[in-house]
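Notes follow the structure.
The values are calculated or read from the model by the stated rules, or taken from the named source; none is laboratory data. Nothing here was measured: the structure is a model prediction, and the numbers come from that model. Methodologically, a virtual Cβ is constructed for each residue, glycine included, from the backbone with ideal geometry; neighbour enumeration extends over all protein chains shown.
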């Protein structure tokens, strides 16, 4: 399903090399000032062009097609489109026969019986995350006073990001990374038991981002090695402030007023320049695949702004549900 | 929201020390043979009583209230209830004033303005997972030929589970653990882009299980340290079989025909016998909390059968959506 | 789907002659005082026993299984069950072979391949509306200051209800009727374009009530014969008060502050004592069916309290969405 | 909510005088041939221009932005847009102060605190139904062998449609009408108890069409005047074929294999050329409103093709749910 959210709802559409990709945001409060300039910074942060990210530079200009009138949201669906202008579709025809290892080429073809638009990864392209960014920009505007901030904390197992990227580039290879996201000033009470815990909603949307392999909240996997007396966060104040924060700001699936933080593991880009083996689906034999096209050395570098966006989207939805955001702003 | 699923839908209800807890399964195919005996094994696996799990032994007898006729599902909602018979509610009154650290006591009270049923953790109790087990037993019946199997692979950082538990018990403390879940014979094609990837749905429901802190699919967090040429799974056969399986059986959010596996981190039980500090909400001062009641030394030990259940629930839903399970069986 | 609503959500379960029928109400605000006595009046109004309604008298005693603690709602799912105690299942076996005309016997059997619980109409029984009543009682408590009132305005084409019923009883026949529902003091602004107009939501749930054949809002079908200059309701005051109210209190799918009213057509009970023809499904030949069992002469008589309930349910959901009902009361 | 459907899901967006209006169709099977020509006939049938409908002629050219590749659906969201090219927005400014009687001007302004795009009725414009038409064209392609057909059966209380329109035009007035929709070759078994009965889903979407005041299935309101022995449809054959069809092809909310038919009442267009009274919202006094702009004399004339579309949309969703339409065609 290409829809996420209960009140603040988003719908993603488009294929990488089709006419356009974009997002509809439904259920957004009326009265929020929006201009296309508001999107520039986050789109820029996500965009390729720097070392370690793909040289493909789309203009990535948001076009607001509906839901904004006189510079403010109307309360009706906001469609934000991004035209596709800079694509080399012929680069992708080989992958119909020789699917790229660990990519969606094979699964997409099988699930959709070959009717999927394979060019540029189609609907599976990282380009689709532009829609998340756009929705995130709007979400960030309404989740006051929350501040969200995400950073790459490690790539290829190294804290020295630059040299790790250089090394991978030199080898025509790619590397993975870890990104941490933090949200501050989140009030107590967001998260809806039983199934819509805060972690459930965040992880649901996080795993929609291509390339994510794991997520951990607070102390995460290291909590498995701890004792209760070490791990328990002592409550210090009536506001809920705790001495330590192994809980990552969440208890019983509900935010507890402390800083929220979680980490995600991003796999190394599947598309690498280095020749690799794959099956030729027609002959049934293994062959050598050389991927030309354009691709990131380390997609983890693009993930921080996307994590911020999806966290804002989840918070906007929960805060509207909890009536901490009014329907008219 | 206490509902999960699109076609095979489950609704959880009940509080730990109320009259009963249970689950409604809606959208289940008609014609599946069901008897209360079918639930015995999985309920037994989840149940407390052995070393490291709580001494509270409810009878945990499933009562089928609707949706089964002449021993077979009717296609209408199946309500399965578990009566609460063995509870010591008075054990919990202290926690209204002195919330247990890292427990839902504080967040539940704040979110629901104190109206929540705090006894035994109320709706936040691990007891609620009985409903997941019951739904999972039914789900397992319909997801042929899939086989799901989960095991504890580590507690308190040690592979020697018995001695780690003994040690924690001796210290009146608790410990965390890691549980791995594997699903075999899952066909290619389950998972619904953009938002309902296989990982999205699994992680959504997994984080509804109390005490889960992290999840990783396939190579998970270790993939962040790998290069693409190491991590890519070479496709060997037209069936989709790969040489390695760092992808954990999923590409682009869609199952690829290989074994699915994921690991979850379970935190140490928050309730420990060891005295610990917490806030007295009335005085605003720190005090010492001694938790009597009954609790698990290591809740990770109960998690395997729950992970199997939720995996079966997700698969049942996706397989019905993909029309691999018929509505009449 | 046995679920209705976005925020204030209800789940219906049970079969007429199974163990119990009931409803889960999820998303209800915390803090609402509830006792089983609160349900007595509306259950009584719905109950059979008087002239024109079925002699089957269940005790119809609501049992609150969850979601209420210390006499108030907790914010978690409220399960309200009604045990089935007074059923004569053997009365229904004939209908497996000889489906009652205009009843769900045939369609239920075909759709569910005969696995449905046919006894007493199973899930299709009017008895299931008890769950609507129970949810409606709770909904009515939270939709202040709205007042809802429904009445039978006509049966069998006659305003003289008593004599029309007598006549039908004498003929071993049944008759239809028309019920009007009115809601007063509904504020401006409820209804969610494009698809969840006020009329859309009301009609959706109204057509879940067995036996409803039509619905019209305001001037309804007679508006088709009017001109715009006759039909338009002149706005008189800034509150939205209009001179006439052909709109039935709704414009553009949104409540306009005037009295809401709508009428529904209820068909004559399908089960009649009078012998009638039907197909013998085994022989493929027509035969004569004599329905013994127990049934209403005029189900329209039971509909008013149900219409009030479903209107309250829709309003509760829309008012929570519009944040006119808080999550803690 | 601007979304309808569970499997075959549609999202409506746009305002009458914004950049574009349109629809996303999500969950559509892959492999369906689609070209823009496929939409021509139904768009033409809906379009204004003939006597009794508005002189505003947009080009109404569908632009497929996503979800179609090599002339076939991909299984991903299909966005179909219609640009707005021929609008006279200044015509609508007066209505901000002097809301048109029985129109959404007042309710939209109040609900959205004046942030709504009022031009041309904004999101409330009949123009939005173009999105329904587009989704309906696709739905019609997949619901084989069902045939749907709708016609105006009466306007202004008269079967002589032409002369009734002439009369209204002469008086600068508008008139209402009644439209009947029929679906043939619908198999037994569509409709999902308890809440998603066939009538529930049809009426839900029908009341999203601007101007609908009532709906009745089969014998509808006239059934209220009948006895059971008159109204019951005798089953004649094992296929479910009945002698009469007062049920309108539906029993217990499930299609019974006979012809489905229902009628809707369409109100007279609210916008009339004839001067009428309304409130001046600023002065709080009544004044005379003369609506210039462009509008239909009888919107009922445009409704048939829309009714066909929404019926096809509901059937597509139910048939996919019931697995009578495969996900790859």
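List of remarks:
- Residues of the range A:272-288 that turn out to be surrounded by 24 or more Cβ atoms within 10 Å (Cβ to Cβ) and within 20 Å of residue A:120 (Cβ to Cβ), as a count: 2
- Considering the range D:223-242, and only residues there that are out of contact with any strand residue (DSSP E or B) (no Cβ under 8 Å at 6 or more places or on another chain) and assigned to a loop (DSSP other than H, G, I, E, B), the residue that is nearest to the other protein chains (Cβ to nearest Cβ) turns out to be D:240.
- For the range C:185-197, the candidate set comprises residues that are touching a strand residue (DSSP E or B) at 6+ places or on another chain (Cβ under 8 Å) and under 16 Å from residue A:327 (Cβ atoms); within that set, the residue that is surrounded by the most Cβ atoms within 10 Å (Cβ to Cβ) is C:193.
- The residues listed here are B:202, B:215; of these, the one that is part of a helix (DSSP H, G or I) and in contact with a helix residue (DSSP H, G or I) (Cβ under 8 Å, 6 or more places away or on another chain) is B:202.
- A single member of A:146, A:137 is in contact (Cβ under 8 Å) with a residue 40 or more places away in the chain and closer than 19 Å to residue A:261 by Cα, and it is A:146.
- Check on residue D:258, surrounded by 23 or more Cβ atoms within 10 Å (Cβ to Cβ) and within 7 Å of chain C (Cβ to nearest Cβ): no
- With a requirement of 3 or more residues that are farther than 26 Å from residue C:206 by Cβ, the strands (runs of 3 or more DSSP E) lying completely within the range C:248-306 that satisfy it span C:276-280, C:285-289.
- Exactly one residue out of D:5, D:18, D:22 is at the interface with chain A (Cβ under 7 Å from one of its Cβ atoms) and touching a residue at least 60 places away in the same chain (Cβ under 8 Å), and it is D:18.
- Filtered residue count, the range C:178-198, keeping only those that are under 20 Å from residue C:265 (Cβ atoms) and without any contact (Cβ under 8 Å) to a residue 60 or more places away in the chain: 0
- The range B:170-199, residues that are over 15 Å from residue A:210 (Cα atoms) and part of a strand (DSSP E or B): B:175, B:177, B:178, B:179, B:180, B:181, B:182, B:183, B:184
- Check on residue C:67, modelled with pLDDT of 95 or more, more than 23 Å from the chain's Cα centre (by Cα), surrounded by fewer than 19 Cβ atoms within 10 Å (Cβ to Cβ) and farther than 30 Å from residue C:284 by Cα: no
- All strands (runs of 3 or more DSSP E) inside the range C:57-159 with 2 or more residues being within 12 Å of chain D (Cβ to nearest Cβ): C:147-155
- Scope the range C:262-321; condition within 10 Å of another protein chain (Cβ to nearest Cβ), within 30 Å of residue A:7 (Cα to Cα) and touching a strand residue (DSSP E or B) at 6+ places or on another chain (Cβ under 6 Å); matching residues: C:262
- Residue within the range B:34-45 that is modelled with pLDDT under 95, part of a loop (DSSP other than H, G, I, E, B) and touching a strand residue (DSSP E or B) at 6+ places or on another chain (Cβ under 7 Å) present: no
- Test for residue A:165: is it within 19 Å of the chain's Cα centre (by Cα) and within 30 Å of residue A:108 (Cα to Cα): no
- Among all positions in the range A:210-222, there is at least one residue which is in contact with a strand residue (DSSP E or B) (Cβ under 7 Å, 6 or more places away or on another chain), surrounded by 21 or more Cβ atoms within 10 Å (Cβ to Cβ) and more than 8 Å from chain B (Cβ to nearest Cβ).
- Residues of the range D:289-329 that turn out to be farther than 30 Å from residue D:139 by Cβ and surrounded by fewer than 17 Cβ atoms within 10 Å (Cβ to Cβ), as a count: 2
- Tally, over the range A:162-202, of residues that are farther than 30 Å from residue A:294 by Cβ and at the interface with chain B (Cβ under 7 Å from one of its Cβ atoms): 10
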